[in-house]
Amino acid sequence: TQQIEMLHRRGLKLCDTGTSSMHGFPPCSILKPLLWLYRDTGKAKYLDYAREIIGYFSDPSCQAVQFAAKLATGKPLQDWYPEENGHWGKAYEMMSLLDGFVEFYRMTGDKSALDVAVKMQDRILRDEQNLCLSVGYNDQFWGAARQLNGVSEPCDAIHWMRLNHDLWLVTGDVKSVDAIEETFYNAFL
């Protein structure tokens, strides 16, 4: 609560905080825990702030988190911010954030949040599934599907399985179960 009030008092958006090479992804990954706070307390301020975070993803002033617009380009994740040479694409922070999108859909029924998470899942499967059958390359979305070897972080495997579990619960799409199984039996174990 104090951090939300402090950011508002200073006129700061959460998407503009964090280190410059991360473009707000780590701070915005509080979305799911924020929604759990709302669920457990019923305090509207938590849901309101979650809506504010979701709003960043269509706010042109938060360029780094423009998932929907960047998905529409068809470009692989590692090409979304060429000036950063991939340093923005922390895999587990992005997947944690996407998990928050799924939770937002569960809490509010906002289909657009779920659509972004599903499209990002497809993009990650297309461009970022590595040879270990996890995702990312050394904790970054750097085009892991095109790499000649695989470096997979345990945290990436865990977040990928968690995201796919939540997506499976709301969509029933078997591709999510397949992704969990491949990652668990290959990369995670």
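The share of accessible area on the chain that comes from carbon and sulfur is 54 percent, using a 1.4 angstrom probe.
The alpha-carbon of Lys175 sits under 20 angstrom from the alpha-carbons of these lysines, leaving out residues fewer than 8 places away in its chain: Lys111, Lys119. Local charge for Pro33 was computed over the other residues whose Cβ lies under 11 Å away, with Lys and Arg +1 and Asp and Glu -1, and equals -1.
For Lys43, the lysines whose Cα falls under 21 Å of its own Cα, not counting residues fewer than eight places away in the same chain, are Lys13, Lys32.
Relative contact order of the chain, please, whole-number percent, based on alpha carbon pairs below 8 angstrom and at least 6 residues apart.
17
For the chain, the mean residue ellipticity at 222 nm estimated from helices alone is -17000 deg cm²/dmol, where every DSSP H run of n ≥ 4 contributes -39500 (n - 2.57) and the total is divided by all residues, rounded to the nearest 500.
Computed with a 1.4 Å probe over protein heavy atoms only, the accessible surface of the chain comes to 48 Å² per residue. Charged neighbours of Asp166, selected by a Cβ distance under 11 Å, balance to +1 (K, R count +1; D, E count -1).
Between Arg146 and Leu12, what FRET efficiency comes out of the Förster formula 1/(1 + (r/R0)^6) with R0 = 35 Å and r the beta carbon distance, rounded to 0.05? With R0 = 35 Å, the Cβ-Cβ based efficiency is 0.40.
The values are calculated or read from the model by the stated rules, or taken from the named source; none is laboratory data. Since we're looking at a predicted model, the values are computed, not measured. Every residue, glycine as well, gets a Cβ built from its backbone with ideal geometry; the counts of neighbours run over all protein chains shown. For the accessible areas, the whole protein counts, side chains as well, though only heavy atoms, and no ligand, DNA or RNA atoms are used. Shrake-Rupley method; radii C 1.70, N 1.55, O 1.52, S 1.80 Å.
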